[in-house]
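K.L.:
My questions all concern the structure below.
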2 protein chains.
Amino acid sequence: MKKFSKITIIGVGLIGGSIGLAVKKRRLAKVVCGVGRRMSSLKKALKKGAIDVATLDLESGIKGADLIIIATPISLIPQYALKIAVLSDWAKTETIITDAGSTKEFVVKKLEGILPKTTHFVGAHPFAGSEKNTASNATADLFKGSKVFVTPTKNTHKKSLSKVKAFWKAIGAEVVQMPPKKHDELVAAISHMPHMIAAALVNAVSRDMIKFVSTGFRDTTRIAAGDALMWRDIFLSNPKNALKSISSFKKSLDALERAIKKEDVGFLMRQLEAAKKKREAIL
Amino acid sequence: MKKFSKITIIGVGLIGGSIGLAVKKRRLAKVVCGVGRRMSSLKKALKKGAIDVATLDLESGIKGADLIIIATPISLIPQYALKIAVLSDWAKTETIITDAGSTKEFVVKKLEGILPKTTHFVGAHPFAGSEKNTASNATADLFKGSKVFVTPTKNTHKKSLSKVKAFWKAIGAEVVQMPPKKHDELVAAISHMPHMIAAALVNAVSRDMIKFVSTGFRDTTRIAAGDALMWRDIFLSNPKNALKSISSFKKSLDALERAIKKEDVGFLMRQLEAAKKKREAIL
């Protein structure tokens, strides 16, 4: 992959910080610039070696960048896109803009609306992370072996799409390409639903009881310690699919509930065996 | 702790096998005998060094034992207790009988009804385990740092209770004593509920989607790979509390669902923050 001159990462939390570390480890850019809203986060990223330079000023941050990655919570992505749109003469640059938002239909529609037609925007979602989501927890290999969803539309600039895909591959990720809509249905089921369930489970257990928990409860609810704002944005930017997933989960739980209520030994056994078999297949 | 002459473990899966290994590592008995229904399981336990001798014959297995531990799935515990009851002259022995069942009210009531008043039965539930539940996965330190619930009633022989507690402590566990009823309410919330939810979650996701899952889904559903028969017995021997837990979980999930539906940003944020804070407290 041809080296970038300047990669600018907006939002240097776990994802932004890890992108920076990965880029620097693999020498994919001459300079990595971090842009943020708080000097404290930028300092953490600098200290970690995730970025070479840091700034609170978006204009100077994106100046000369040939790749801009917006790695903020979803609700901030359109605001940054708006500011970026007015700051550059997009007809003259070849800058690629991408993002790391966990939902794609909302983000891609918004950004295709906001950014001029001459920009080179490609939606992406690195499917990696942790409940520990500051730059201090960033690692250069966070994306190694992880999937990254790249979600082009009919408006996507083909050459930029190829470059974004090559970029993620270069930092170790497995690129999976699909339309934004399909992506959002998928992650609602395999990512948003588990988070809602984990949060609901924690909230359903009293403080008296929670002190007795063991590994089972801990594992089942680990993700509930994730950043509340990030997850709030995820659910509210993909509500239709999130609600659809809750509804299909409830049906599945209702089936177990009915079997226990009716003492339907056979049905309960079959449901548990089906879950066991399906779960073992993804060990 | 005074050494036992002969400890007999009925059912040598993960729990029974790990008890055997722990006893042998700490030399807590002159001999450890394993009793089972299948020679294949007993051979695994022998090979692992979890038991010294193995037999399919209950009578010879329990002969001369001063501690009998029933570590089978719950539905088999009463059957073994019945057989044990008729095999010994309990007025003359000082044998302690205990179990490792994950629910206690059903087991303790049954066994206090079945075993003669002269027996020394003490209900117990080692709160440890794994979805990999054969003797091949047994370890001498499975109980180290784990909680073991000991659930005496007004009928429990005091000296035997002390001995059972000392036994679990000797193999590394933290003993928590509580009445069977309170135990069952507690584990329904912190153990049975997570399992039902994990199983329901796996069953709610299509095979097409499940191949894309990441660490979040994997952790949330790990326990769904647990033994179906063991869990079936757990739910059906504690149905009232299991159903009560499902109901309080559903309320908690409904709250998130409503917040997403109504786009109640503030409420959703508070719910997610509450879950995060509570979960972080048990990291």
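K.L.:
So B:Leu186 ticks every box in (1) in the same structural domain as B:Ala29 (by TED's automatic domain parsing); (2) within 30 Å of B:Lys251 (Cβ to Cβ) but one. Which box is left unticked?
P.N.:
(1)
K.L.:
Assess whether A:Lys144 counts as being assigned to a loop (DSSP other than H, G, I, E, B) and touching a residue at least 24 places away in the same chain (Cβ under 8 Å).
P.N.:
It is true that A:Lys144 is assigned to a loop (DSSP other than H, G, I, E, B) and touching a residue at least 24 places away in the same chain (Cβ under 8 Å).
K.L.:
Shifting gears a bit: Would you check which residues across segment B:215-234 are over 17 Å from B:Ile15 (Cβ atoms) and of a type in the set (Phe, Trp, Tyr) and list them?
P.N.:
Passing the criteria: only B:Phe217.
K.L.:
Same structure again: Hey, any hits in segment A:26-45 for a residue that's closer than 23 Å to A:Asn137 by Cα, out of contact with any Lys or Arg (no Cβ under 9 Å at 6 or more places or on another chain), buried (at least 23 other Cβ atoms within 10 Å of the Cβ) and among the hydrophobic types (A, V, I, L, M, F, W, C)?
P.N.:
Yes, segment A:26-45 has at least one match.
K.L.:
Turning to a different aspect of this structure: Step by step: first the residues of segment A:140-152, then only those that are over 15 Å from the mean Cα position of the chain (by Cα) and buried (at least 17 other Cβ atoms within 10 Å of the Cβ), then the one that is nearest to A:His120 (Cα to Cα). Which residue is that?
P.N.:
Applying the filter and picking the extreme gives A:Pro152.
K.L.:
Looking only at segment B:245-269, count every residue that is small (Gly, Ala, Ser), within 8 Å of chain A (Cβ to nearest Cβ) and within 30 Å of B:Phe106 (Cα to Cα) and tell me the total.
P.N.:
3
K.L.:
Does any residue of segment B:152-161 turn out to be closer than 16 Å to B:Gly20 by Cα and among the charged types (D, E, K, R)?
P.N.:
no
K.L.:
Regarding segment B:218-227, can at least one residue be identified that is closer than 26 Å to B:Leu76 by Cβ and of a type in the set (Asp, Glu)?
P.N.:
yes
K.L.:
Within segment B:162-195, which residues are surrounded by 18 or more Cβ atoms within 10 Å (Cβ to Cβ), more than 14 Å from every other protein chain (Cβ to nearest Cβ), assigned to a helix (DSSP H, G or I) and not basic (Lys, Arg)?
P.N.:
B:Val164, B:Phe167, B:Trp168, B:Pro180
K.L.:
Right, another one. List the pairs whose first member sits in segment A:1-14 and is surrounded by fewer than 24 Cβ atoms within 10 Å (Cβ to Cβ), whose second member is of a type outside the set (A, V, I, L, M, F, W, C) and part of a strand (DSSP E or B), and whose Cβ atoms are under 7 Å apart, counting only residues at least 6 apart or on separate chains?
P.N.:
Once the first residue is surrounded by fewer than 24 Cβ atoms within 10 Å (Cβ to Cβ) and sits in segment A:1-14, its partners that are of a type outside the set (A, V, I, L, M, F, W, C) and part of a strand (DSSP E or B) give A:Lys3/A:Lys30; A:Ser5/A:Lys30; A:Lys6/A:Lys30.
K.L.:
Quick check, is B:Ser214 surrounded by fewer than 17 Cβ atoms within 10 Å (Cβ to Cβ) and touching a Gly at 6+ places or on another chain (Cβ under 9 Å)?
P.N.:
Yes, satisfied.
K.L.:
Anything in segment A:207-224 that is at pLDDT below 95 and among the small types (Gly, Ala, Ser)? List them, or say none.
P.N.:
Answer for segment A:207-224, where residues must be at pLDDT below 95 and among the small types (Gly, Ala, Ser): A:Ser214, A:Gly216.
K.L.:
Please enumerate the residues belonging to segment B:100-118 that are surrounded by fewer than 23 Cβ atoms within 10 Å (Cβ to Cβ) and touching a strand residue (DSSP E or B) at 6+ places or on another chain (Cβ under 8 Å).
P.N.:
B:Glu112, B:Leu115, listed by residue number.
K.L.:
Between a residue in segment B:15-31 that is basic (Lys, Arg) and any residue that is modelled with pLDDT under 95, which pairs come within a Cβ distance under 8 Å, given they are 6 or more apart or on different chains?
P.N.:
What qualifies is B:Arg27/B:Lys3; B:Lys30/B:Lys3.
K.L.:
Being among the small types (Gly, Ala, Ser), more than 14 Å from chain A (Cβ to nearest Cβ), within 20 Å of B:Ser191 (Cβ to Cβ) and buried (at least 23 other Cβ atoms within 10 Å of the Cβ): is that true of B:Ala71 here?
P.N.:
Spelling it out, B:Ala71 is indeed among the small types (Gly, Ala, Ser), more than 14 Å from chain A (Cβ to nearest Cβ), within 20 Å of B:Ser191 (Cβ to Cβ) and buried (at least 23 other Cβ atoms within 10 Å of the Cβ).
K.L.:
A follow-up question, please. Looking at B:Leu229, B:Leu253, which one is without any contact (Cβ under 8 Å) to a residue 40 or more places away in the chain and either crowded, with 21+ Cβ neighbours inside 10 Å or not assigned by TED's automatic domain parsing to the domain that holds B:His125 (or both)?
P.N.:
Only one candidate passes the filter, namely B:Leu253.
K.L.:
Shifting gears a bit: How about segment A:270-282: which of its residues are among the aliphatic types (A, V, I, L, M), at the interface with chain B (Cβ under 7 Å from one of its Cβ atoms) and surrounded by fewer than 21 Cβ atoms within 10 Å (Cβ to Cβ)?
P.N.:
Within segment A:270-282, A:Ala274, A:Ile282 qualify.
K.L.:
Can you find even one residue in segment B:98-105 that is without any contact (Cβ under 8 Å) to a residue 60 or more places away in the chain and within 21 Å of B:Ala140 (Cα to Cα)?
P.N.:
Within segment B:98-105, one or more residues are without any contact (Cβ under 8 Å) to a residue 60 or more places away in the chain and within 21 Å of B:Ala140 (Cα to Cα).
The values are calculated or read from the model by the stated rules, or taken from the named source; none is laboratory data. Worth saying up front: this structure is predicted, and the values here are computed from it rather than measured. No Cβ is skipped: glycine too gets one built from the backbone with ideal geometry, and neighbour counts run over all protein chains shown.
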